[in-house]
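The values are calculated or read from the model by the stated rules, or taken from the named source; none is laboratory data. As the structure is a prediction and not an experimental result, all values here were calculated from the model. Cβ: placed from backbone, ideal geometry, glycine included. Neighbour counts: every protein chain shown.
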């Protein structure tokens, strides 16, 4: 168990196999009896929706369920409005809550709805994908996508607790496991050389899942540290965005869901680090280490539909842009990252691809 301690909020993260079987008791330990809306998607609902709903009802909660289509396109203002309608129709008040049951899309969408319905209601995270378990389920970032950019509309809204059952990873398709591994590689690259060495010992996604509790815990320790130091993403927390500036632009231009978040981040990490290495801003050989680690786990390192100008236009909408300036994340070395301020136009140089 980990604890996140913020100035105005504290919550615990449970990381335990089979813990989903006690989700009702867990919620009962955190909340008084109230209305709870389970927000989930079609894939997760078929696996765990009824289990969670019945456990909440057994504990005396007035539980309902709202299901959206699986996939990144569901992270929209249109779906947020549908959730508001569901809450209103079921007479939810500020003393009621939302439980996010699913991956990063569901966590972001449900969290955004919780942050904005009646200016904020209770919120819990039950992440079921590797990406959500190692990254997006903690820290309080919520949001939805627009046609112009990923996560352009959002709010900070911390959960009252996070329940992680690594056994849910056994039901993930291979591509979803791999995209979570991209965030694990990122975490090790920016802040934990020992975790990087641990990844070097593993040969495949299956090997990694054998050590899921240990690896999830190490990743969350990294995120907890930077979130506690910089809750609102104005300073050190920005290092978590390594690979994301270009990655988000790839997701946007490809069409949400075509290239997964993890795949886009993997490509983004390699691209920005390759140019940084050419500029002498990161040590020689680091990009090769990144490439070898990502390829070992079956992640992409390049994008065939690369269109420099479209990507540049997409990333100028990125939340890390400050006027004509942009903060990018580079590696000092494996296990250590730095924040670099550049002029937005300079980002064009980081979008240059190698000619064949």
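So which of 222, 181 is touching a residue at least 60 places away in the same chain (Cβ under 8 Å), within 17 Å of residue 265 (Cβ to Cβ) and surrounded by 14 or more Cβ atoms within 10 Å (Cβ to Cβ)? Within the list 222, 181, the selection yields 181. So is residue 53 surrounded by 21 or more Cβ atoms within 10 Å (Cβ to Cβ) and closer than 30 Å to residue 85 by Cβ or not? Taking the combined requirement at face value, the residue satisfies it. Checked against (1) closer than 28 Å to residue 129 by Cβ; (2) touching a residue at least 60 places away in the same chain (Cβ under 8 Å); (3) not in a loop (DSSP other than H, G, I, E, B), residue 347 passes all but condition (1).
Please verify whether residue 136 is in contact with a strand residue (DSSP E or B) (Cβ under 9 Å, 6 or more places away or on another chain), closer than 24 Å to residue 167 by Cα and without any contact (Cβ under 8 Å) to a residue 24 or more places away in the chain, treating the condition exactly as stated. Against the criterion (in contact with a strand residue (DSSP E or B) (Cβ under 9 Å, 6 or more places away or on another chain), closer than 24 Å to residue 167 by Cα and without any contact (Cβ under 8 Å) to a residue 24 or more places away in the chain), residue 136 does not qualify. In the set 76, 50, 88, 19, only one residue is farther than 21 Å from residue 160 by Cβ and touching a residue at least 40 places away in the same chain (Cβ under 8 Å); that residue is 76. The set of residues from the range 238-263 being in a helix (DSSP H, G or I) and without any contact (Cβ under 8 Å) to a residue 24 or more places away in the chain comprises just one member, 247.
Rundown of residues vs (1) farther than 27 Å from residue 209 by Cα; (2) surrounded by fewer than 24 Cβ atoms within 10 Å (Cβ to Cβ), yes/no style:
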{"position": "71", "(1), (2)": "no, yes"}
{"position": "98", "(1), (2)": "yes, no"}
{"position": "122", "(1), (2)": "yes, yes"}
{"position": "131", "(1), (2)": "no, no"}
{"position": "140", "(1), (2)": "no, yes"}
{"position": "145", "(1), (2)": "yes, no"}
{"position": "151", "(1), (2)": "yes, yes"}
{"position": "161", "(1), (2)": "no, yes"}
{"position": "164", "(1), (2)": "no, no"}
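Scanning the range 80-136 for residues that are in contact with a helix residue (DSSP H, G or I) (Cβ under 9 Å, 6 or more places away or on another chain) and on the phi > 0 side of the Ramachandran plot yields 102, 118, 120.
Restricting 71, 60, 24 to residues that are more than 21 Å from the chain's Cα centre (by Cα), outside the structural domain of residue 211 (by TED's automatic domain parsing) and on the phi > 0 side of the Ramachandran plot narrows the list to 60. Please determine whether any residue of the range 286-296 is under 26 Å from residue 144 (Cβ atoms), in contact with a helix residue (DSSP H, G or I) (Cβ under 9 Å, 6 or more places away or on another chain) and crowded, with 20+ Cβ neighbours inside 10 Å. Scanning the range 286-296 turns up no residue that is under 26 Å from residue 144 (Cβ atoms), in contact with a helix residue (DSSP H, G or I) (Cβ under 9 Å, 6 or more places away or on another chain) and crowded, with 20+ Cβ neighbours inside 10 Å. Taken over the range 101-120, the criterion of being closer than 14 Å to residue 155 by Cα, crowded, with 24+ Cβ neighbours inside 10 Å and either assigned by TED's automatic domain parsing to the domain that holds residue 261 or touching a residue at least 40 places away in the same chain (Cβ under 8 Å) (or both) is satisfied by 108, 109, 110, 111, 112, 113, 114.
Answer with yes or no whether residue 291 is outside the structural domain of residue 129 (by TED's automatic domain parsing) and part of a helix (DSSP H, G or I). Yes.
Please report, ordered by residue number, the strands (runs of 3 or more DSSP E) entirely within the range 78-195 with at least 3 residues that are under 12 Å from the mean Cα position of the chain (by Cα).
Details: elements: 97-102, 122-127, 141-144, 153-156, 162-164.
Because the criterion is at least 3 residues that are under 12 Å from the mean Cα position of the chain (by Cα), the strands (runs of 3 or more DSSP E) in the range 78-195 that meet it are 141-144.
Would you confirm whether any residue within the range 314-327 is assigned by TED's automatic domain parsing to the domain that holds residue 183, assigned to a helix (DSSP H, G or I), in contact (Cβ under 8 Å) with a residue 24 or more places away in the chain and touching a helix residue (DSSP H, G or I) at 6+ places or on another chain (Cβ under 8 Å)? Yes, the range 314-327 contains a residue that is assigned by TED's automatic domain parsing to the domain that holds residue 183, assigned to a helix (DSSP H, G or I), in contact (Cβ under 8 Å) with a residue 24 or more places away in the chain and touching a helix residue (DSSP H, G or I) at 6+ places or on another chain (Cβ under 8 Å).
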